[in-house]
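Comments concern the structure below.
Bear in mind that the values in this text are calculations on the coordinates, not laboratory data. Note that this is a predicted model, so its numbers are computed, not measured. Cβ sites come from the backbone with ideal geometry, for glycine too, and all protein chains shown count toward neighbours.
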Amino acid sequence: MDIIFDFGVVVFTWEPSRLIREAIPELMLRQPEADQAARDIFQGHNPEADWSAFDRGDIDSRQVISRISQRSGWNASHLARILAAVPEHLLPKPASVDLIGRLSQCGHRLFYLSNMPAPYADHIDRSYAFMSYFRTGIYSSRVGLIKPEPAIFERLDALRSSSTQPIFIDDSAANVSAAREYGWETILFESHATLERRLVHLGALPIPLDE
């Protein structure tokens, strides 16, 4: 069975509000202010966002800082500190790493499909041994495409070299919807417990002995 993982939120921590508060503690942002800052800077999953252009590899770190600053009024030096703090923020989730290992031991072929700017993709590749569990995968910035664009699912299918339907796991409803429309089996990530139950239901994991 082929199983495809999104990275942000599913495998790695991604909490933009906390990232901003920790990167610029002197601003002493309250939670509502940090939440608004995250919306201003990252613009959610909007495909037309400045951050999406960074994800796609159309612009570099310097350019995305300039764009966000001009659009939102955020201080460029503060934005630079936020971007510099991203690698330390993107920490693997132990439960996800454990799950990836167990799925690999079950004989499944694992892949990744992540909207990820180039500097952070490079950081992940050189930092974490568990990446060896994946056969291969796609970072958006390396192919000039982002989820939920159908072409990025086609690219991943070409890497799989298989006509079987994969299972795709992502925390974005828009990405999950697009992948389902493309023809993949999908799981919307909400928690590790619900993810494991869904994988058991789909036959990717054995039924727990206590059930």
## Note on the structure
Per GNM of the chain with C-alpha springs under 10 angstrom, the most fluctuating residue out of G101, G73, G44 is G73
### Message
About the Cα centre, and with charges only on the beta carbon of Lys, Arg (+1) and Asp, Glu (-1), how big is the dipole of the chain? Nearest 20 debye, please.
### Response
300 debye
### Query
Using the per-residue mean of other Cβ atoms lying within 10 Å as a proxy for protection, in what order, highest first, do the peptides 145-155, 26-36, 106-116, 195-205 fall?
106-116, 145-155, 195-205, 26-36
### Query
Under a 5 Å amide H to amide H cut-off, with H placed in plane at 1.01 Å, what residues pair with Y112 once short-range neighbours are removed?
F5, T136, G137, I138
#### Entry: For the range 77-122: rounded, prolate or oblate by the Cα gyration tensor [a/c cutoff 1.5]
prolate
### Task
Please give the length that would be gained between A118 and N75 if that part of the chain were fully extended, namely 0.36 nm times their separation in residues minus their C-alpha to C-alpha distance (nm, one decimal).
13.2 nm
### Task
Would you please give the residues with an amide H less than 5 Å from that of V9, counting only those at least 5 places away or on a separate chain, with H modeled from the backbone geometry?
W14
### Rounded Å value of the spacing that divides the Cα centres of the range 72-108 and the range 1-35
8 Å
### Task
Considering the options S69, F130, P94, tell which one lies farthest towards the positive end of the dipole of the range 62-211, charges being +1 on Lys and Arg and -1 on Asp and Glu at the Cβ, about the Cα centre.
S69
### Task
Report the relative contact order of the range 16-89, percent, no decimals, based on alpha-carbon pairs under 8 angstrom and at least 6 residues apart.
30 percent
### Task
Quick one: net charge around H192, please, counting Lys, Arg +1 and Asp, Glu -1 for every other residue with C-beta under 15 Å from its C-beta.
-2
### Task
Treat each spin label as a single point 7 Å out from the Cα along the C-beta direction, and report the Q165 to R180 distance in nm.
1.2 nm
#### Entry: Overall Cα dimensions of the chain, principal axis frame, Å, largest first
52, 37, 30
#### Entry: Exposure proxy ranking, count of Cβ atoms within 10 Å, fewest first, for V9, V176
V9, V176
